[in-house]
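The values are calculated or read from the model by the stated rules, or taken from the named source; none is laboratory data. Quantities reported herein were computed from a predicted structural model and do not represent experimental measurements. FYI the Cβ positions are ideal-geometry reconstructions off the backbone, even for glycines, and counts take in every protein chain you see. To get the accessible areas, we keep the full protein, side chains included, count just its heavy atoms, and leave off ligands, DNA and RNA. Shrake-Rupley method; radii C 1.70, N 1.55, O 1.52, S 1.80 Å.
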Amino acid sequence: MRDWAFRVTRWRGSTPGRGAGWQASTPAVGDLSSTTLAVLIVTRVISGFGIGMVTATATAYLIELHGTARPEASRTWADIVTKATNIGGLAVGPLAGGLLAEYVTSPLRTPYLIFLGLLLISAAGVALTPETVAPPAAPAPYRPQRVSVPQAARPTFYAASAATFAAFAAFGLFTSLAPGFIAGTLQQPSRMLAGLVSFFVSGATAVTQTCLPGVTQRTLLACGLALMPLGLIAVTAAVWQPALALFLLGGVVTGAGAGLLFTGSITTVLGLDDLSSSSETLAGLSLAAYTGLTLPVLGAGIATRFITDKTALIGFTVLLIALCIAGSRRLLNGHPTAPVAAAADN
C-alpha cells in the first residue's frame, strides 16, 4: 500500500494523500457508533488503506518539501524526520492507547475520538501547505508498482528481504502478541504496561534509525544481526522464567536490532551496483516488510490454539533467528561500506 501511494503522489500530486486522510477518518466514526467485532474488522481494513496512503504520500511529500525549500542541501535531515515520524508514531500510539484504556471512561470509544480530532487538525495543516507536484493536464493511466530485481542482484536482495521480514515480524510480536504474554504469563494485567512495552520497542527502533548517521552499512547490519536475536532470546527466556524486567530489556534490544537491520537492508538494496530501478526493487522490500508484520504473528496466533503460548514463542524466535542467520553471510560479505547518510543522499 505504501508503494502504491508513493507512485500515486508522483502521478497525481499530494491530493490522494489528502483524500486518504478523510478515508482514514471514516473508520473512526464507525468505531464510535459500534463496538461489535464485525464493525471493528471492517473499519480496521478501511483504516489500513487510508493510513497506508497517508503515510506513504506524506513521506514523499516531506522529502519534496525539503528539496523545494533547500534545493542545494542534503536530504539526510528529511530522511531522519520521516523515519522519526513514522516509527515514532508507532511508538506513541500503543502508549497512548494503553494510558487511555487504563485511566479514562469509555476506553473503547475515547481513542477514536482523539484519533478523529488529530486527523481533522492534520487535514487543516495539509490544506495550508503548498503542492509539490504539478498534476499533468492529461495523466497517463495508472499502473500498479511492479516488483523487479535484476538477476545478478537477486541473492543479495533475497538476503535483505529475509532480514527485513524478520525485523518486521519482531515488530508484529510486540504490537499484537506481547500484551497477551504480559497479562497472562507474566501476570501483569495493566493495559498501560502493555502499551509501554510497545513504546519501548518502537522507541528503540526510532532512536537507532535516526541517531546513527554516518555509520557504515556493514556495521549497521552486523549490529542488527547480533542484537535482534539476543533480544528475542531474552524475551523468550523471560516468558519461560517469568521476569518482567528481562522482558522489557529484551524488547528494547530487539527493537534496536530490528531498526538497525531494516536500515541496513534498505541501504544494501539501494547500493546494489546493477540496480536499474530503485522504486521497483524497494517495492519488493516493502512487500517483505509488511508480509513479515502480518503472517508470522498470524501463524503464531493460530499455533496457540494447539500448543502453549510459550512453545509458540519458541517457534517464532527460532524462525526469526534462522532468517537472520540465512541472510547474514550475503549481507555482510562483498558489499560497500559507505555511510548510511551518503547512501540516503543518492
- To the nearest 10 square angstrom, how much accessible area does ARG109 have with a 1.4 angstrom probe? 90 Å²
- Message: For ASP309, ASP79, give me the order by solvent-accessible area with a 1.4 Å probe, most accessible first, ignoring ligands, DNA and RNA.
- Response: ASP309, ASP79
- Taking a probe of 1.4 angstrom, what is the accessible area of TYR158 in Å², to the nearest 10? 130 Å²
- Which loop-located chymotrypsin sites (Phe, Trp or Tyr not before Pro) does segment 229-309 contain, where loop means any DSSP state but H, G, I, E or B and the Cβ has at most 10 other Cβ atoms within 10 Å? PHE306
- Amide H neighbours of GLN188 under 5 Å, at least 5 residues apart or on other chains, H built in the peptide plane: list them. ALA183
- Task: Name the shape class, rounded, prolate or oblate, that the alpha-carbon gyration tensor gives for segment 70-115, where a ≥ b ≥ c are the square roots of its eigenvalues, rounded holds for a/c under 1.5, and otherwise prolate holds if a/b is larger than b/c and oblate otherwise.
- Result: prolate
- Item | Candidate residues GLU64, GLU131: accessible-area rank, largest first, probe 1.4 Å | GLU131, GLU64
- Item | Accessible-area value, THR311, 1.4 Å probe, nucleic acids and ligands omitted, Å² | 60 Å²
- Query: Over segment 167-310, one equal point on each Cα, no solvent: what is log10 I(q)/I(0) by the Debye formula at q = 0.15 Å⁻¹?
  - Reply: -0.77
- Task: Along each of the three principal axes of the Cα atoms of segment 154-199, give the extent in whole Å, ordering the values from largest to smallest.
- Result: 46, 18, 10
- How about segment 145-220: which trypsin sites (Lys or Arg not before Pro) there are in a DSSP loop, with at most 14 other Cβ atoms within 10 Å of their Cβ? ARG146
